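To start, the structure itself, in structure tokens.
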Amino acid sequence: MSRLRYYQVAKKPPLIAVVDDDPFVRKALERLLRAAGLSVEAFASGVELLASADHHEPDCVVLDLHMPDVSGFEVQSRLARAHSGVPVVVITGHDTPESRTRALGGGAKSYLTKPVDDEALLKAIHTAMVR
């Protein structure tokens, strides 16, 4: 299935929140997810996402780990406390065994390294939402 268009038949596509401080990565992910038939909200920081999550809850969060101000780990922890049902797919350009263990131990459904493979990310999001 090209670009894993799982969501074509849904009346309302799932809402994916993309959180990454790199504007180029954020825009590329936003385009990819929209092309796959998903609704997307992009955030430049974890603070922006957390403020938004008080008003509505995304179906999945794609979360960069290393951001200024509030780290992805802290965002993940706060989401788990306030919105325990929201699946998180972690992406990082700074892969370490410790980061992987911490992210997955904190409840992330997937852990992917940058540059993220398009198909792997779409599959990870789909899998996270159907678990």
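Key figures
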| read-out | value |
| --- | --- |
| Odd one out for His55 among (1) part of a loop (DSSP other than H, G, I, E, B); (2) closer than 17 Å to Val130 by Cα; (3) not small (Gly, Ala, Ser) | (2) |
| Selection from the stretch 1-30 of residues that are within 20 Å of Met129 (Cβ to Cβ), open to solvent by 60 Å² or more (accessible area, probe 1.4 Å) and at pLDDT 80 or above | Lys12 |
| Of all residues making up the stretch 84-131, the number that are touching a Leu at 6+ places or on another chain (Cβ under 8 Å), aliphatic (A, V, I, L, M) and in a helix (DSSP H, G or I) | 6 |
| Subset of the stretch 82-115 that is aliphatic (A, V, I, L, M) and at pLDDT below 95 - its residue that is farthest from Leu33 (Cα to Cα) | Ala82 |
| Answer residue from the stretch 67-76, given it is without any contact (Cβ under 8 Å) to a residue 40 or more places away in the chain and of a type outside the set (D, E, K, R) and is surrounded by the most Cβ atoms within 10 Å (Cβ to Cβ) among those | Gln76 |
| Condition met for Gly85 (under 25 Å from Asp54 (Cα atoms) and open to solvent by 60 Å² or more (accessible area, probe 1.4 Å)) | yes |
| Single residue of Leu79, Leu33 found to be open to solvent by less than 70 Å² (accessible area, probe 1.4 Å), closer than 30 Å to Lys11 by Cα and modelled with pLDDT under 95 | Leu79 |
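The values are calculated or read from the model by the stated rules, or taken from the named source; none is laboratory data. Here the structure is a predicted model, which means the values were calculated and not measured. Note that we place each Cβ from the backbone using ideal geometry, even for glycine, and neighbour counts take in every protein chain shown. Side chains included, ligands, DNA and RNA excluded: accessible areas come from the protein's heavy atoms. Shrake-Rupley method; radii C 1.70, N 1.55, O 1.52, S 1.80 Å.
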